[in-house]
Amino acid sequence: MRGWLIVDTALGWIPLVFASGVLAAVGMPLPSEEAALAWAKAQGAQGPEGGEGALASTLRRYARGEPQDFSWVTIWWEGMSPFYSRVLQEVRAIPWGCTRTYQWLAERVGIPKGARAVGQVLARNPCPIVIPCHRIVGKDGSLKGYSGGLDWKRKLLALEGSLASPHLSPTFQERTKPIHQVRAEAGLR
């Protein structure tokens, strides 16, 4: 059975779906609890998941801009191809405040010319934020597709202080705008 948990955060209501107690899907923050519940039910959730637990607390801290690591969260990998899960596992290891390119990711999973292929996997990431596909950017540092929309990608990168300056080289040499400026530009507190 699939269960839901709706987490009220500074970014909005984040719906979580669990399969046999393991995280199977994460929705983007939504404006209301009702919208988050509707999203969870559309993912096949049939009833509430027991208790809030550590994931809800971690998501709340993340939404407040506190660096968080989600690598401890168990993900429901069933039904994913080995390539799909390998790509998502690699993305999962990208730390808070860092960005990587699609090309970098393709090389990491052993397919140097597979930037588009990894992009297709990321477009179907079932657990955005927890599996931080928003941290993958174009080779020139530009923001490319994101399942939650580019506005959300920009907001999440700004929240993490990693919204790259348009003048960065493809190596991103750890130069970013000051965090207060990035947050203000993205409409975050």
- [ ] Name the residue, out of Gly53, Gly97, Gly110, that is surrounded by fewer than 16 Cβ atoms within 10 Å (Cβ to Cβ), closer than 16 Å to Lys153 by Cα and small (Gly, Ala, Ser).
- [x] Gly97
Task: Only one of Ala56, Ala40, Ala24 that is assigned to a strand (DSSP E or B) and modelled with pLDDT of 95 or more - done: Ala24
- [ ] Could you list all residues from the range 66-89 that are touching a residue at least 12 places away in the same chain (Cβ under 8 Å) and under 14 Å from the mean Cα position of the chain (by Cα)?
- [x] Pro67, Gln68, Asp69, Phe70, Ser71, Val73, Ile75, Val87, Leu88
Open item on the list: Could you check the range 63-82 and list, in sequence order, the residues that are of a type in the set (Phe, Trp, Tyr) and either in contact with a helix residue (DSSP H, G or I) (Cβ under 7 Å, 6 or more places away or on another chain) or assigned by TED's automatic domain parsing to the domain that holds Arg154 (or both)?
Closed with: Phe70, Trp77
TODO: Filter the range 27-37 down to residues that are out of contact with any Leu (no Cβ under 8 Å at 6 or more places or on another chain) and assigned to a helix (DSSP H, G or I) and give me whichever is surrounded by the fewest Cβ atoms within 10 Å (Cβ to Cβ).
DONE: Glu34
Task: Residues being more than 15 Å from Leu16 (Cβ to Cβ), outside any helix (DSSP H, G or I) and aromatic (Phe, Trp, Tyr) - total across the range 73-91 - done: 1
Task: Among the candidates Ile94, Ile14, residue that is in contact (Cβ under 8 Å) with a residue 24 or more places away in the chain, out of contact with any Phe, Trp or Tyr (no Cβ under 8 Å at 6 or more places or on another chain) and part of a loop (DSSP other than H, G, I, E, B) - done: Ile94
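The values are calculated or read from the model by the stated rules, or taken from the named source; none is laboratory data. Keep in mind that this is a model prediction, so the values were computed, not measured. Please note: Cβ atoms are built from the backbone with ideal geometry, for glycine as well, and neighbour counts cover all protein chains shown.
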